[in-house]
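Q: Could you have a look at this structure, given as structure tokens, before my questions?
The values are calculated or read from the model by the stated rules, or taken from the named source; none is laboratory data. This is a predicted model, so every value here is computed, not measured. Glycine also receives a Cβ, built like all others from the backbone with ideal geometry; neighbour counts cover every protein chain displayed. For accessibility, only protein heavy atoms count, side chains too; no ligands or nucleic acids. Shrake-Rupley method; radii C 1.70, N 1.55, O 1.52, S 1.80 Å.
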Amino acid sequence: MKAIAKCRPVAVYFRPQRGNAILGTILVKLMKLSVFCTTIASAILFTFSFSVAENTKPYNLLFIMTDQHRHDVIGTAGNPVIQTPHMDFLAADGVRFSSAFTVCPVCTPSRTSMFVGRSIGNTGISTNAQSTQDTPETPLLQMKSYDKILNENGFFSEYHGKWHSPLFLAGIHKQGDESYFYNFLYSILPNGKYANSEKDSLSELIRTNAPFDISELKNGLQFQRRFFRPYAPVSVDVKFGLPSPKSIGKKGQPEDVPSSEAADFGQLILDAKYSQTSFQRDLVLQALDNAKKAGKPFNITASISFPHPPMVVTEPYFSKYRDKNNRPIKELDALVEPSIGDRSLNSPYPLNNPRRNHTGHFNEPQKITDMTAVYYGLVTEVDDAIGQIIQKLKDIGEYDDTLIIYTSDHGEMLGSHGLNGKGNFYDASIRIPLILKEPKGEHKGLVIDKPVMSTDLFATILDYTISDTKTPSDGQSLRTLIENPGNNSWRDFAVSEWNHFTESVPSYCITTKDWKLMLARSDKAKSALYDRKNDPNELKNLLPESNETEVKKYRFIAEELKQKLVDYLKQINHFDSRHIESFDIFVPVSVDNIRKKREVLPRPKRGS
């Protein structure tokens, strides 16, 4: 038995890749033989070491995720203004998915589904608040993440940056000898609440190297409470033109000026080397050095917080998209969305949507270009960080043996339909950038336009790294699509969901190449059907606007899309499938019935 125990780490480390399945099977069987394990298996490993060594070591994973990166703000996607040479390089050296969709346009639900490969209906994680509601004794979610599976297969793992998922999933990333498994990003304060330790470390770095003094707040400069530094607001900021605050309260916010991080847009008065992106980049660079020293296959995540609010950017990135008069460059005018003036008369997201009134004036073109210049600066700063991370991967000799994924958890409206942020089913909110650079780089410069979903990444990661195609998930491995782009068996739609029991906006969305259906379930909300081919800006909802001669045609299309949605929900064993199946798009359910269903509907099992 001792001989078997000795061989187990070798069996885990030498996971067979495709093309070596037979040899891998022979080795595993031999290693299970207690009598011959040490002698025969060692001999075979020695004999075949030169012929299979290149393929037997599992491939590494470098997962780079940003927060709120809009799908079309990247050079390789055709944007003529944004400067993202390193993302463009990855796309040229790998595969870009031009029709990638998040399964939920909100941070915590989206990230959780990505980590475990399950829909939000199956995880039960549907709000940002749930990211800190679980405890070791009562975790909200007990599904295995791809992190956990790779860790069990002997991978060296580090995760740095924004977490924003149930803390239970962070358990494998503990640092040092700390016994509390949330410590890599969170620590427990004396009052029992969680504190973000990396965020605290950044704050300490800034306060030590760029200490704030109240005298700095002058000439209209405002206070940015996350970074504890002054910033110069731009016109879209609600504090633009207001006097500088005279004092800072106990909670680190001005006492005499309106304060909300989501409303902060402008230039952060701070040396770029202390910015949030630089801080997170440096942690990842160190993690790659640590991984190389560990001598094992690695799983490193760079979760970069920007371009999510507060949208405050340091120089030289603040001026990157501004002219010598500090105005947004004219090229940005052409990128203002045609839907910015959408009156939303037949929209499922009416004019009283709180997103419109929450943080400023997002239906005014001049203010949107001001916001866009800041947003683009943040994206370019992230891109520079990615370039340094890729260079480090090359420097340690692991670039060719690493699966690199770049994506975001959701998009950003950036003035589309007069809105900012996310939280809806418009393309600007649910479409995400997705680039995959394969180990060995067999497919270069490939662009795939079939709809894919963020839940597909779970199966993809396990497929490429440890050749695991058996672990169940709600997604599919993108490897099958990359190796056969014309794959007719790949689904022709993507599904997004949120607010299963809402009374005011749609709960589900299904998108195909030509059509999009947003499905509402209340008589106080609207469903919507959009012709994506002829109405790419999603301005004309065909359901309420259809006349008598069109209604039969559009009803057929809407019902066909709804059936695709139902079939998918059944396939993944979604708790809501039977209720969606019985729902009539054209006869909305009353709010009272929605409330009753909220009480009787079975809730998803979070541990399966």
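Q: Only one of Lys524, Lys513, Lys562, Lys570 is under 27 Å from Thr108 (Cβ atoms), open to solvent by 10 Å² or more (accessible area, probe 1.4 Å), at pLDDT 95 or above and not aliphatic (A, V, I, L, M); which?
A: Lys570
Q: In the list Pro451, Pro506, which residue meets the criterion of being within 25 Å of Leu345 (Cβ to Cβ), buried (at least 16 other Cβ atoms within 10 Å of the Cβ) and in contact with a strand residue (DSSP E or B) (Cβ under 6 Å, 6 or more places away or on another chain)?
A: After applying the criteria, what remains is Pro506.
Q: Among the residues of the range 473-492, how many are modelled with pLDDT of 95 or more and assigned to a loop (DSSP other than H, G, I, E, B)?
A: 8
Q: Could you check how many residues of the range 301-312 are in a strand (DSSP E or B), within 15 Å of the chain's Cα centre (by Cα) and more than 17 Å from Ile404 (Cβ to Cβ)?
A: Total meeting the criteria: 3.
Q: Suppose we keep only residues that are β-branched (Val, Ile, Thr) and buried (at least 19 other Cβ atoms within 10 Å of the Cβ) within the range 454-485. Which one would you say is farthest from Leu150 (Cα to Cα)?
A: Ile482
Q: List pairs: first in the range 400-424 and among the acidic types (Asp, Glu) and surrounded by fewer than 24 Cβ atoms within 10 Å (Cβ to Cβ), second in a strand (DSSP E or B) and modelled with pLDDT of 95 or more, Cβ under 9 Å, 6+ apart or cross-chain?
A: Asp401/Asn60
Q: Only one residue in Ser278, Ser319 is among the hydroxyl-bearing types (Ser, Thr, Tyr) and either in a strand (DSSP E or B) or within 20 Å of Leu205 (Cβ to Cβ) (or both). Which one?
A: Answer to the selection: Ser278.
Q: I'm trying to understand the selection: among the residues of the range 73-92, which are open to solvent by 50 Å² or more (accessible area, probe 1.4 Å) and in a helix (DSSP H, G or I)?
A: Pro85, His86, Phe89, Ala92
Q: Report whether or not Ala195 is at pLDDT below 90, surrounded by 18 or more Cβ atoms within 10 Å (Cβ to Cβ) and aliphatic (A, V, I, L, M).
A: Considered against the rule, which asks whether it is at pLDDT below 90, surrounded by 18 or more Cβ atoms within 10 Å (Cβ to Cβ) and aliphatic (A, V, I, L, M), Ala195 comes out as no.
Q: Let me ask you something else. Within the range 543-563, is even one residue closer than 23 Å to Gly121 by Cα, part of a loop (DSSP other than H, G, I, E, B), acidic (Asp, Glu) and in contact (Cβ under 8 Å) with a residue 24 or more places away in the chain?
A: The answer is no; no qualifying residue exists.
Q: Shifting gears a bit: What do you reckon, is Lys540 more than 22 Å from Phe501 (Cβ to Cβ), modelled with pLDDT of 50 or more and of a type in the set (Lys, Arg)?
A: Criteria met by Lys540.
Q: If you don't mind, another one. Scan the range 98-129 for residues that are of a type in the set (Ser, Thr, Tyr), open to solvent by 10 Å² or more (accessible area, probe 1.4 Å) and farther than 14 Å from Ser165 by Cα and report the count.
A: 2
Q: If you go through the range 293-300 one residue at a time, do you hit one that is within 30 Å of Thr465 (Cα to Cα) and part of a helix (DSSP H, G or I)?
A: yes
Q: Could you count how many residues in the range 196-239 are of a type outside the set (D, E, K, R) and within 30 Å of Pro166 (Cβ to Cβ)?
A: 10
Q: Working only within the range 495-522, note down all residues that are more than 15 Å from Ala558 (Cα to Cα) and aliphatic (A, V, I, L, M).
A: Across the range 495-522, the qualifying residue is only Val505.
Q: Another question about this same structure. Out of all the residues in the range 547-559, which are open to solvent by less than 90 Å² (accessible area, probe 1.4 Å) and not hydrophobic (A, V, I, L, M, F, W, C)?
A: Asn547, Glu550, Tyr554, Glu559
Q: Residues of the range 425-440 being open to solvent by 20 Å² or more (accessible area, probe 1.4 Å) and either outside any helix (DSSP H, G or I) or polar (S, T, N, Q) (or both), which ones?
A: Within the range 425-440, Arg431 is the sole residue that qualifies.
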